[in-house]
Amino acid sequence: MSFIKDNYYMLVYAITLFVSLASYRKYYDTVLKYFPIIIAYTFFNEVLGYLVRTYDEISFFQNVQYSNFNDVIYNIYALIFFAFFYRVYWQLIHNKRYKKYIFSFFFIFLIAYIVSTFFQNPLETNLYYALAISSWLLVICIVLYFKDKKELDEDIYQAHNLMFWVSLALFIFYSIFPVIYVIGYTQYEIWVKYDLRSLLNVLIVIMYTLFIFGFLKSRKLAFR
């Protein structure tokens, strides 16, 4: 019970994965066709991270000193997650100038992670500055997506379009998440004092709840 109490957001991952598969026929031939894989990857990555962090016998390193280090799996996860969504928005946006921006964002994202490895060991710590840059670049991609909608004389609010709910969820989470995360690694006393971990968990639940709502409410013909 303590596991569920401390990691209740993982239950939301599992529910979201189930709903995403149950409604897969609505978007199986869209740019989000691999989204359930990303959700499953997120869920199992979190479970693995918890096991490595909690049990010394489960580790990526032979050195006991590093037995509970799990940041490497989160660094790899971030590369896959952001690359996936940059491509999603690049494919959906019609404005060629915006597409070029996103193409540039992808290289900035890669450079941020490469440069970070010169100052931080990705096996021992999360590359949080690169993660913050990648997050805000994704937020800009979402803004460009909505701006593209307006230029096409489409409503931004599209209740039956799965991408609207996915974009809204990502925008809310990744606008705030980088600030909290960087504070957690650089100003740990503030992280503890204001219980920012709980805030982060709440943001995760909000994001995945919006995903679930999108899966349930979306219609195949409304996807764009």
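The values are calculated or read from the model by the stated rules, or taken from the named source; none is laboratory data. As the structure is a prediction and not an experimental result, all values here were calculated from the model. Quick reminder, even Gly has a Cβ in these numbers, built from the backbone with ideal geometry, and neighbours come from all protein chains shown. Just so you know, the surface numbers come from the protein's heavy atoms only, side chains and all, with ligands and any DNA or RNA stripped out. Shrake-Rupley method; radii C 1.70, N 1.55, O 1.52, S 1.80 Å.
Details
- Per residue accessible area of segment 76-224, 1.4 Å probe, in Å²: 52
- Volume of the convex hull of the chain (Cα atoms only), normalised per residue: 129 Å³.
- Most to least packed among 36-48, 129-141 [average Cβ atoms within 10 Å]: 129-141, 36-48
- Taking all protein chains together, Arg224, Arg87 sort by accessible area into Arg87, Arg224, largest first [probe 1.4 Å].
- Figure note: Tyr34, Tyr145, Tyr74 ranked by solvent-accessible area, largest first, 1.4 Å probe, ligands and nucleic acids not counted: Tyr34, Tyr74, Tyr145.
- Accessible-area composition of the chain, carbon plus sulfur, in percent [1.4 Å probe]: 67
- Under 5 Å between amide hydrogens, built in the peptide plane, is the criterion, and for Asn7 it picks out nothing among residues at least 5 positions away or on other chains.
- With all pairs of separate Cα atoms included, segment 136-224 yields a Kirkwood hydrodynamic radius of 14.3 Å.
- Listed residue pairs exceeding 21 Å between alpha carbons, taken from Lys100/Lys217; Lys96/Lys147; Lys33/Lys220; Lys33/Lys217: Lys100/Lys217
- Trypsin sites (Lys or Arg not before Pro) lying in DSSP loop within segment 89-182, provided at most 11 other Cβ fall within 10 Å: none
- Globularity ratio of segment 93-194, using Cα Rg and 2.2 N^0.38 Å: 1.28
- Here is the size of segment 129-182 from its Cα atoms: Rg then Dmax, 12.4, 38 Å.
- Label-point separation, Ile111 to Asn95 (7 Å along Cα→Cβ), nm: 2.2
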